[in-house]
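Note sheet for the following structure.
Only the coordinates and a few stated rules stand behind these numbers; no lab work does. Predicted model only: the values in this text are computed from it and were never measured. Positions of Cβ are backbone-derived with ideal geometry, glycine not excepted, and every protein chain shown enters the neighbour counts.
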Amino acid sequence: MLPLGTPLPRFELLDPRTGRKVSSDSLDRRRGTLVMIICNHCPYVIHVLSQITAIGKESVDRGLAVVAISANDVEAYPDDAPDKMAALAEREGWTFPYLYDETQEVARAFDAACTPEFYLFDGNDRLVYRGQMDDSRPQNDVPVTGRDLRAAIDALLDGRPIDPEQKPSLGCNIKWRS
């Protein structure tokens, strides 16, 4: 996992909904930044999609910069193509950008391994949380609550320390191009 304290990797990626590029420098990161590495087709992402939507909206409403990023190889996984990303973001009513990492360089800069993965940076662009949303998985009966990620966001925004014991995310491997 990316070490805590790592600076926010800079990026400039296409937002398929608007056709414009969004850069990390264009975000209002004063209170912090939530980066979610996701994709459309992963059963683990689909399983927590309602909480991705809820946490994303709540975080934006509380002043965090929020972006979701998909880096999968769309030739091998066409359900993750930019037009499908835009459709998902529209259907979910996301108030944050869902960006396409065509070169996969940004996912590599985050040391991302799977979808979904969550990264929370403080107002100084330092990593304070990386890991799972909660303990729920498609194959268990644990309710999807977003407990771990919500606790980190709450602590950040309340000025409290964030527990450094963090569980890595589990999900589908990122579909890297050969």
Förster-model FRET efficiency, 22 Å R0, ARG10 and GLU90, C-beta, rounded to 0.05: 0.20
Counting DSSP beta bridges with both ends in the chain, the antiparallel % (nearest 5): 70 percent
Distance between modelled label sites at ARG147 and ASP83, nm, 7 Å Cα→Cβ extension: 4.2 nm
Two-site FRET efficiency, ARG62 against ARG126, from Cβ-Cβ distance with R₀ of 22 Å, rounded to 0.05: 0.70
Net lengthening on full extension, ARG137/ARG20 (0.36 nm per residue, minus Cα-Cα): 38.7 nm
Compactness index (Cα Rg / 2.2 N^0.38 Å), the stretch 1-84: 1.16
